[in-house]
Structures are given as structure tokens and as C-alpha cells.
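Below is one structure; the comments refer to it alone.
Please treat every number below as a calculation from the coordinates, not as lab data. A quick note: this is a predicted structure, and the numbers were derived from the prediction, not measured. FYI the Cβ positions are ideal-geometry reconstructions off the backbone, even for glycines, and counts take in every protein chain you see.
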Amino acid sequence: MRFKKKFLFLLFFFIFVGIYMFSPLDFYVQLYVNRFFSSNPIPIEERERTSLTSYEWTLKDLEGHQIQVNDIKNRVVLINFWATWCPPCIVEMPDFQKLYDDYGDKMTFLFVARDREDRVVPFLKKKAYHLPVYYESGLTPKELFNLSLPTTYIIDKKGTIVVAKVGFSDWNSDDTRSILDKLLKE
């Protein structure tokens, strides 16, 4: 009798693990877990903030046009590094779209894809996102270099990194909007 209970328990355990690991449910479980444990981005303490030492960074948009990050000096900038295969990145996208819709004409948004173009373009079309997406053409400034995804930075008009967030966050929160409004007034 005891052997039967252990066997049934192990059978159900491996079935659950198999469904979780090898089915599309895994993606949705990760999405909702990330959403549940999300937090608002928090500004870096002033004494711990760093500034960009170089704006020499070239990006390429989806049409192949290059932009120099140097051209957006003296603007508030939000930079998000993301990929289509990254569940937390995907969870953040609706929030970023709402922010971009409301702040796109007041500041600069750079969504830097660390993914293949043949995945990014269909993803954006399928979800009806109209975010300014770029690919890196040059070396990322050392202050912005991080291999973790998603990674998001908010930079003030002087080039100081005010927010540096690795991982999922609630970007369409009142706190984020308050940070952006304050930086835009400076």
C-alpha cells in the first residue's frame, strides 16, 4: 500500500513537471508569476548615481537607419534592453507602450532588442506595438552594459542615470510617471 502511494505521488509530480517544462503553459506561468512579484522602479540614491561618460553609441532602427545616441543629449531618455524570448520582457511591453503613448513626444525612448530581427518584427506586428526598436551597431557604453534581460535605465537631461532596473518592473505606475514628470521639469 505504501509503495502505491509513493508511486502515485511520483507519477503526478513528474507529470506536473513535464507539463510545466515542456508545454506552452510554462510561458504563461512565468508571465503571471513575474507580474505578481513586480515592483515599481526606484530611483538610485543621488550619492550613488553615475553619469554617462560617453554618448558615442550607434543604434540601427528596424528600417536600417543609424542613429547616434550623441544626438539625443540633453533629453530625458528611457533605454530598455529586451528580447522576444524573455518572458519578463514581454510582460513589460504593454506598460512601455502606454508610457510611450503618453510621453513619446516629450522624451526619448530606446528599446534595444537583443534578438533576431526575424523574431522582433513579427512580434511587434502581432501585438500591435509601435515602439521605437533598435539594434546595437556599436559598443554599449560601459555604464549601460548588462547582459541580464530585461534591463531598463532612465537618464536625466544631464546624462545621469536616475533609474537602473534589472528584471521586471511595473513601468506604467504612478511612481514611474512621477519620476518622469520631475525629470522633464528640470
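Tabulated data for the structure shown
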| read-out | value |
| --- | --- |
| Inter-label distance, nm, simple model (7 Å from Cα along the C-beta direction), THR140/GLU45 | 2.6 nm |
| Above-threshold pairs, the threshold being 29 Å between Cα atoms, out of LYS60/LYS98; LYS60/LYS165; LYS60/LYS106; LYS126/LYS185 | LYS126/LYS185 |
| Rough spin-label spacing in nm, given labels placed 7 Å along Cα→Cβ, for ASP102 and ASN74 | 2.8 nm |
| Protection proxy ranking of 89-96, 179-186 - average other beta-carbon atoms within 10 Å, highest first | 89-96, 179-186 |
